[in-house]
Each structure stands twice: as C-alpha cells, then as structure tokens.
Amino acid sequence: MIKLFSSQHSIKEKKYEKIKFLSVSNSDFRKCYVFKTTQYFFGFLRIFLKKLGVGLDFVEFVGRPTDQKSEKPILGREIPILSLEGEMENYQSRDYSVDVFYSKNKIYLIVNFRKNKSNEVNSVIEDLVSWGD
C-alpha cells in the first residue's frame, strides 16, 4: 500500500541516475538488495516496478506528494526520502511482492517471486544500478 503525502514539504524531483548497490542476499524465492539512502532511489524504484509490472496503477505516486483536490501525484516533486526513515512499503503483482524498508543510511529492497523469475529480477536490477560503497 502506498502512502499519500501532501506537497507541503516536497522538494524538486531528482532526475534518474544509477544508484549505488551495496549488497545482495539470495534464496530460491527471494532477493534482498541494499542501497545507500539517496533521493535518486525513488526514480529507480518507479522504473524497477514498471519493468517488473508491479503496481502499474499507482507507480507514479511512488515518492511523490499528492494533490489534495485531484488526488493525483504531483509530477516534478518528491517527498524528502529521509522523511520515510523507519517506514515500510509493499507493492504486489501476480508474480512479485516487493517490500521497501527505509532507514537513515540504507534502503532495503526485498523482492519475493516465483522460482522461475530470479533471472528476470537480476536483469532489471543490473540495468538500473552501479556497484558502490
């Protein structure tokens, strides 16, 4: 479920750029990716979810404030990522369940999937991230 935020404390949206990928842990049906906390994460997450076909009805809301009257996302604006410290979000589709945990210094992206979807997840991640420290 996605949280709706007002534009009261929003900032200018960051253009997408590859984010730093710190580590990964694997199992047959799950991958946990760890990223450095950065405002660029929202752009990455929107693209990642679209490429996996997860949350297509609301992916434009990810990291963006919501217009109070129209209840639509305000494009070009984002909520400050540090305001989500301690929060968890979940996005689901038929093939995937994606959990995002926000902390002060790291973001944990946990992808649960059917066994035959591991390579698809790897391919999407590899296109969108760079290794970093």
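The values are calculated or read from the model by the stated rules, or taken from the named source; none is laboratory data. If you're wondering where the values come from, they're calculated on a predicted model, not measured in any experiment. Please note: Cβ atoms are built from the backbone with ideal geometry, for glycine as well, and neighbour counts cover all protein chains shown.
More than 13 Å from ILE19 (Cβ to Cβ), in contact with a Lys or Arg (Cβ under 9 Å, 6 or more places away or on another chain), in contact (Cβ under 8 Å) with a residue 60 or more places away in the chain and not in a strand (DSSP E or B): is that true of SER118 in this structure?
yes
Which of the following residues is under 13 Å from the mean Cα position of the chain (by Cα), of a type in the set (A, V, I, L, M, F, W, C) and assigned to a helix (DSSP H, G or I): LEU109, LEU49? Full working, then the answer.
Values: LEU109 fails: assigned to a helix (DSSP H, G or I).
Only one candidate qualifies: LEU49.
Quick check on this structure: which one of PHE113, PHE48, PHE61 is surrounded by 18 or more Cβ atoms within 10 Å (Cβ to Cβ) and under 18 Å from GLU17 (Cβ atoms)? Walk me through it before giving the result.
Numbers: PHE113 fails: under 18 Å from GLU17 (Cβ atoms); PHE61 fails: under 18 Å from GLU17 (Cβ atoms).
Of the residues listed, the single one that is surrounded by 18 or more Cβ atoms within 10 Å (Cβ to Cβ) and under 18 Å from GLU17 (Cβ atoms) is PHE48.
Can you confirm whether SER27 is crowded, with 17+ Cβ neighbours inside 10 Å, modelled with pLDDT under 90 and polar (S, T, N, Q)? If you could, list the steps in order and put the result at the bottom.
Values: crowded, with 17+ Cβ neighbours inside 10 Å: no; modelled with pLDDT under 90: yes; polar (S, T, N, Q): yes.
No; evaluated as a whole, the condition is false for this residue.
How many residues does region 27-46 contain that are closer than 18 Å to VAL129 by Cα and outside any strand (DSSP E or B)? Give the derivation first.
Filtering region 27-46 down to residues closer than 18 Å to VAL129 by Cα leaves 31-46.
From what's left, outside any strand (DSSP E or B): 37-46.
Final tally of qualifying residues: 10.
Between VAL100, VAL62, VAL111, which is aliphatic (A, V, I, L, M) and modelled with pLDDT under 95?
On the way: VAL100 fails: modelled with pLDDT under 95; VAL111 fails: modelled with pLDDT under 95.
Selected residue: VAL62, the only one of VAL100, VAL62, VAL111 that is aliphatic (A, V, I, L, M) and modelled with pLDDT under 95.
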